[in-house]
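Structure record follows, encoded as structure tokens.
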Amino acid sequence: MTNYEAECRRMVDEQIVGRGVRDERVLAAMRKVPRHEFLPEAIRGIAYADNALPIGEGQTMSQPYMVALMTELLGLTGAERVLEIGTGSGYQAAVLAELCSKVYTVERIKTIAEKARSTLDRLGYRNVAIKVYDGTYGWKEMAPFDAVMVTAGAPEIPAPLVEQLKDGGRMVIPVGERFGQSLLKVIKTAEGTVTQRSIPCVFVPLIGNHGWKE
Ligand code: SAH
């Protein structure tokens with residue numbers, strides 16, 4: 001029997017606190033959300049390993065540290081409405097759901113979205129809405145958002161996502177080449193946007209009208 005709780009605590013201490021994530025609310029969420037529940041059964045035993053993991057359809061769930069860092073960069077305090085692009089397994093959406101009031105997440109592959117929906121329902125996450133669509137358009141009907149997180153690598157910052165951000169809002173997005181990006185934090189102000197560069201990263205491609213072509 002795998003002791004998932006002990007592995008999860010160790011993951012947070014070694015991989016996340018150990019690399020400098022300090023936001024206590026983020027650490028608590030990372031300790032609480034059962035990462036293994038979002039994976040295919042065959043690989044649940046390595047759920048808390050220090051890397052990204054396959055979730056089917058050639059897609060991946062991000063490395064735990066990346067999930068924690070991106071979440072910390074959004075600076076959530078609890079009342080926010082957050083847009084995520086790239087639902088994948090639903091794990092990142094669950095972490096966000098612990099830290100804000102409502103998560104709107106968009107996934108382009110229907111079967112992936114359906115699996116995430118059933119996992120999130122099973123675990124009791126009621127503040128996550130999922131839409132199957134090209135997320136490079138954002139989710140216009142639900143805009144504006146306090147924060148946006150993109151969990152697939154983009155060639156450039158999709159304009160609709162900036163438009164759908166409130167003034168003072170934050171977006172975290174990997175931008176760069178198809179097989180390697182920089183994690184960017186974009187802050188929207190009344191005068192325009194300010195971009196801060198975080199760490200190098202590798203995400204699966206953001207495919208869509210304002211992303212990579214298939
Ligand atoms: N956040 C996820 C990891 C996502 S992997 C998790 O916690 O598991 C990236 C996901 O983005 C994939 O599922 C991929 O299908 C999706 N994706 C790629 N381009 C997209 C687009 N334009 N709109 C919505 N989803 C997209």
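Is it true that Val175 is within 16 Å of the ligand (Cβ to nearest atom), assigned to a strand (DSSP E or B), modelled with pLDDT of 95 or more and surrounded by 14 or more Cβ atoms within 10 Å (Cβ to Cβ)? The answer is yes for Val175.
Pairing residues of the stretch 123-144 that are in a loop (DSSP other than H, G, I, E, B) with residues that are small (Gly, Ala, Ser) and more than 14 Å from the ligand (Cβ to nearest atom), at Cβ distances under 8 Å and at least 6 apart in sequence or on separate chains, gives Asn127/Ser101; Pro144/Gly169.
Given the criterion buried (at least 17 other Cβ atoms within 10 Å of the Cβ), hydroxyl-bearing (Ser, Thr, Tyr) and over 22 Å from Pro54 (Cα atoms), identify the matching residue among Thr151, Thr136, Thr195, Thr189. Before the answer, list the steps.
Numbers: Thr151 fails: over 22 Å from Pro54 (Cα atoms); Thr195 fails: buried (at least 17 other Cβ atoms within 10 Å of the Cβ); Thr189 fails: buried (at least 17 other Cβ atoms within 10 Å of the Cβ).
Result: Thr136 is the single residue among Thr151, Thr136, Thr195, Thr189 that is buried (at least 17 other Cβ atoms within 10 Å of the Cβ), hydroxyl-bearing (Ser, Thr, Tyr) and over 22 Å from Pro54 (Cα atoms).
Looking only at the stretch 78-87, decide whether some residue is within 15 Å of the ligand (Cβ to nearest atom), out of contact with any strand residue (DSSP E or B) (no Cβ under 8 Å at 6 or more places or on another chain) and under 20 Å from Met149 (Cβ atoms).
no
The residue pairs whose first member lies in the stretch 90-113 and is surrounded by fewer than 22 Cβ atoms within 10 Å (Cβ to Cβ) and in a strand (DSSP E or B), whose second member is at pLDDT 95 or above and polar (S, T, N, Q), and whose beta carbons are closer than 8 Å, counting only pairs six or more residues apart or on different chains, are Lys102/Asn127.
Yes/no per residue for (1) within 18 Å of Val103 (Cα to Cα); (2) more than 14 Å from the ligand (Cβ to nearest atom):
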site	(1), (2)
Arg9	no, yes
Gln15	no, yes
Val21	no, yes
Met30	yes, no
Phe38	yes, no
Asn51	no, no
Gly58	no, no
Met61	yes, no
Gly75	yes, yes
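Does Glu72 count as buried (at least 23 other Cβ atoms within 10 Å of the Cβ) and within 16 Å of the chain's Cα centre (by Cα)? Answer is no for this residue. Of the residues making up the stretch 187-214, just one is over 26 Å from Gly168 (Cβ atoms) and away from the ligand (no atom under 16 Å from the Cβ), namely Pro200. Cβ-Cβ contacts under 8 Å between residues 6 or more apart (or on different chains), taken from a first residue in the stretch 181-192 that is touching a residue at least 40 places away in the same chain (Cβ under 8 Å) to a second residue that is among the small types (Gly, Ala, Ser), are listed as Leu183/Ser198; Lys185/Ser198. Within the stretch 59-66, one or more residues are touching a residue at least 40 places away in the same chain (Cβ under 8 Å) and assigned to a strand (DSSP E or B).
Against the condition under 20 Å from Ala6 (Cβ atoms), surrounded by fewer than 22 Cβ atoms within 10 Å (Cβ to Cβ) and more than 12 Å from the ligand (Cβ to nearest atom), how does Arg44 come out, does it pass? When the stated conditions are applied, Arg44 passes them. In the stretch 88-110, the qualifying residues are those that are near the ligand (Cβ under 10 Å from one of its atoms) and among the β-branched types (Val, Ile, Thr), and the one that is nearest to Pro54 (Cα to Cα) is Ile109.
So for the stretch 49-65 (the condition being surrounded by fewer than 16 Cβ atoms within 10 Å (Cβ to Cβ) and in contact with a Phe, Trp or Tyr (Cβ under 9 Å, 6 or more places away or on another chain)), does at least one residue qualify? The answer is yes, given that some residue of the stretch 49-65 is surrounded by fewer than 16 Cβ atoms within 10 Å (Cβ to Cβ) and in contact with a Phe, Trp or Tyr (Cβ under 9 Å, 6 or more places away or on another chain).
The residue list Arg31, Arg22 contains one member that is assigned to a loop (DSSP other than H, G, I, E, B) and either within 11 Å of the chain's Cα centre (by Cα) or among the charged types (D, E, K, R) (or both), which is Arg22.
The values are calculated or read from the model by the stated rules, or taken from the named source; none is laboratory data. Given the structure is predicted, the values throughout are model-derived calculations rather than measurements. Using ideal geometry, Cβ is built from the backbone for each residue, glycine included, and neighbour counts are taken over all protein chains shown.
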